[in-house]
Amino acid sequence: MSVSMGPFLICILCIAFLTGYLYMILYLLAQPYIYGAKAVFIGIAFILLRMCIPVNFPFTYTIYSKKILLPLAEIFFVSIGNSDYMFSDILMMLWLSIAAIKLGRLCVRSFLLRQYLDAYTVTDDSQYSKLFASIRKYSPKPIRVAVIPYDISPAVSGIFRPTIIFPEYFDVFSADELDYICIHEINHYKRRDLWMKWILEVLSCIHWWNPLIYIMKREYALALELTNDHLLIQEHPCYNCIDYSNLILTIAESKDAVPHRYSDKLTSFVRKNHSDLKVRLSFLLREPKETKKKKGMLWIHTVIICIAVVISLFIVTDPTFRTYSTTEDQEFEMDISNTYLIHTSKGYDIYIDEKYTGTITELPNELQNYKIYEQGDFTK
């Protein structure tokens, strides 16, 4: 296996395709088709994980490009001065360093959020009997409750120890409104939405340089809300779309006073985003209570996602290797990423993948950016 820029390129193309496909599902269809949205995110997450291993596996098929990728490769693999480092090495170290810092900050912020919620966790059930009564209706397992002294949207947090978060003014909600909120947030926990959200947070730390990851995080949050709204429509015995829509608008008008560093760790009941609210309310007002999943469309989603994942795993695109000849009957291919030259009294010895391949008497212009060592300075 060899490290290559090919997996980066093909994965970015696949992610761009799936992001556009997701946008079509959520925004361009007459009715947001939520049933395949989560599968799209799983496919994108898998491709992002594949991008973390930038190597060509033995079973991958390489599509070579000369006009576009070869000039890019010669910039990417250019040597830095007389050192052994290439520009690609600097970029890789920068990528890993910033990713490590962001992962560290993610862990610290998660710990601080847990401490923050612990300070407001309810210990006396009797003081919040109406609230706990709604939770027990829809969750046989005990779930912690934190009442925050700020005007915030109800939310849920915690992968192993879920905590439903309410604002201090929760008493203004009716029993039905509390049921709406509890069903919605408990379903986030039951459906492992918090796990996927955590995976996306980790991936966004690793792929901090990729703008598509931030678009995906934003659209994933909307897809989660649409999916849980659909489940609520099916589960609530007295569902009323007007009442539920009014509840969403009322909470959206509240001021979010929670420190910003905590907001990305919560799966909120309402996000203050006008386009999200428009899509969500449109979905609620059009979605009939008895909705049957279209199995045909689900299969189409699955096939499209699988094709993108398979392409990212089994196909890479790399620059065409340059071909040189040391004798009339010998030709060999060389790549700037796996080739270096040693300057000797006879010319330049060429090594490809640590193997001596041949000697050229003069150095062509297209080899100026390759690693070149002096014979006396080179130690194998």
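The values are calculated or read from the model by the stated rules, or taken from the named source; none is laboratory data. A quick note: this is a predicted structure, and the numbers were derived from the prediction, not measured. No Cβ is skipped: glycine too gets one built from the backbone with ideal geometry, and neighbour counts run over all protein chains shown. Please note that ligands, DNA and RNA were not included when accessible areas were found on the heavy atoms of the full protein model with its side chains. Shrake-Rupley method; radii C 1.70, N 1.55, O 1.52, S 1.80 Å.
Can you name the residue in the range 146-155 that is over 15 Å from ASP179 (Cβ atoms) and in contact with a helix residue (DSSP H, G or I) (Cβ under 8 Å, 6 or more places away or on another chain) and is also surrounded by the most Cβ atoms within 10 Å (Cβ to Cβ) among such residues? Reasoning before the result, please.
Of all residues in the range 146-155, those over 15 Å from ASP179 (Cβ atoms) come to 146-153, 155.
Keeping just the survivors that are in contact with a helix residue (DSSP H, G or I) (Cβ under 8 Å, 6 or more places away or on another chain) gives 146-149, 153, 155.
Values: ALA146: 18, VAL147: 17, ILE148: 20, PRO149: 10, SER153: 21, ALA155: 25.
Selected residue: ALA155.
Taken over the range 91-117, residues that are open to solvent by 70 Å² or more (accessible area, probe 1.4 Å) and more than 23 Å from the chain's Cα centre (by Cα) amount to 1.
Within the range 144-156, identify whether any single residue is under 25 Å from GLU225 (Cβ atoms), touching a residue at least 12 places away in the same chain (Cβ under 8 Å) and assigned to a helix (DSSP H, G or I), and answer yes or no. Checked against the condition, which is being under 25 Å from GLU225 (Cβ atoms), touching a residue at least 12 places away in the same chain (Cβ under 8 Å) and assigned to a helix (DSSP H, G or I), the range 144-156 yields no hits at all.
Every condition in (1) touching a residue at least 60 places away in the same chain (Cβ under 8 Å); (2) over 30 Å from PRO142 (Cβ atoms) holds for TYR214 except the one numbered (1).
Can you report the number of residues in the range 270-295 which are open to solvent by 100 Å² or more (accessible area, probe 1.4 Å) and modelled with pLDDT of 60 or more?
5
Every condition in (1) farther than 30 Å from LEU49 by Cα; (2) at pLDDT 75 or above is met by PHE314 except one, and the failing one is (1).
Conditions (1) modelled with pLDDT of 85 or more; (2) more than 25 Å from LEU96 (Cβ to Cβ); (3) among the acidic types (Asp, Glu); (4) touching a helix residue (DSSP H, G or I) at 6+ places or on another chain (Cβ under 9 Å), marked per residue:
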residue: VAL202; (1), (2), (3), (4): yes, no, no, yes
residue: TRP208; (1), (2), (3), (4): yes, no, no, yes
residue: ALA221; (1), (2), (3), (4): no, yes, no, yes
residue: LEU232; (1), (2), (3), (4): yes, yes, no, yes
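Quick test of your reading of the structure: LEU247 fulfils all but one of (1) surrounded by 16 or more Cβ atoms within 10 Å (Cβ to Cβ); (2) farther than 17 Å from ASP276 by Cβ; (3) in contact (Cβ under 8 Å) with a residue 60 or more places away in the chain. Name the failing condition by number. Only one criterion in (1) surrounded by 16 or more Cβ atoms within 10 Å (Cβ to Cβ); (2) farther than 17 Å from ASP276 by Cβ; (3) in contact (Cβ under 8 Å) with a residue 60 or more places away in the chain is unmet by LEU247, namely (2). Note on the range 118-139: among residues that are surrounded by 14 or more Cβ atoms within 10 Å (Cβ to Cβ) and small (Gly, Ala, Ser), the one that is nearest to PHE160 (Cα to Cα) is SER139. Among the residues in the range 160-171, are any of a type in the set (S, T, N, Q), closer than 25 Å to TYR116 by Cβ and in a helix (DSSP H, G or I)? No. Filtering the range 186-237 to residues that are open to solvent by 30 Å² or more (accessible area, probe 1.4 Å), closer than 24 Å to TYR21 by Cβ and not in a helix (DSSP H, G or I) leaves ARG191, ARG192, TRP208, TRP209.
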